[in-house]
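To keep things clear, I will list the structure first and then write my remarks on it.
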Amino acid sequence: MGAGAAGVAGRTYPPVNFQIEPARVAAFARAIGADPSEGVPPTFAAVYSLGATAPQLFGDPQAAIDFARLLHAEQEFTWARHPRPDEAVTSRGRVASDVSRRGMRFVTFETDTADARGQPLCRSKALFVIRS
């Protein structure tokens with residue numbers, strides 16, 4: 001782990017508000033070969049959930065993530081429901097674990113996304129491996 005990184009397991013970052021813009025959803029859907037009329041593709045969670053919160057982790061000097069040595073090893077999403085185009089959502093990221101083994105650092109980063117009423121929409125779980 002980098003200097004100061006030992007204390008980031010359990011760290012929670014401030015909520016990030018995100019508007020599910022219909023034009024952006026449609027462009028994303030077309031890019032992955034989905035029908036834009038079918039609503040928000042499940043993989044758009046990479047944008048409103050992980051994509052909205054991971055910059056907080058990567059920019060955190062205490063987390064000391066060395067981007068040049070980073071491998072995005074695993075990613076999973078679970079949904080209570082998919083958001084709708086033009087819906088406002090709020091995502092909150094946290095470091096679920098941060099361990100070092102055999103010269104590598106394993107950081108599990110989870111993001112919970114909720115709708116405007118605070119009802120759960122999606123959970124993102126990413127594993128980042130950082131080589132020493």
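The values are calculated or read from the model by the stated rules, or taken from the named source; none is laboratory data. This is a predicted model, so every value here is computed, not measured. For neighbour counting, all protein chains shown are included, and Cβ atoms are generated from backbone atoms with ideal geometry for every residue, glycine included.
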Selection from region 73-132 of residues crowded, with 16+ Cβ neighbours inside 10 Å, of a type outside the set (A, V, I, L, M, F, W, C), touching a Lys or Arg at 6+ places or on another chain (Cβ under 8 Å) and under 18 Å from Pro42 (Cβ atoms) yields Glu110, Thr111, Asp112, Thr113
What number of residues within region 52-65 satisfy the criterion of being in contact with a Ser or Thr (Cβ under 9 Å, 6 or more places away or on another chain) and of a type outside the set (Ser, Thr, Tyr)?
2
Do we have any residue at all in region 61-78 that's in a strand (DSSP E or B), within 20 Å of Pro15 (Cβ to Cβ) and modelled with pLDDT of 95 or more?
yes
Pairs needed: first member in region 7-22, in contact (Cβ under 8 Å) with a residue 24 or more places away in the chain; second member anywhere, of a type in the set (Gly, Ala, Ser) and in a loop (DSSP other than H, G, I, E, B); C-beta distance under 6 Å; at least 6 residues apart or different chains.
Val8/Ala63
Output the residue which, of all residues in region 46-61 that are surrounded by 13 or more Cβ atoms within 10 Å (Cβ to Cβ) and in contact with a Gly (Cβ under 9 Å, 6 or more places away or on another chain), is farthest from Asn17 (Cα to Cα).
Leu57
Going residue by residue through region 81-101, is there one that turns out to be outside any strand (DSSP E or B), within 13 Å of Ile130 (Cα to Cα) and of a type outside the set (Ser, Thr, Tyr)?
no
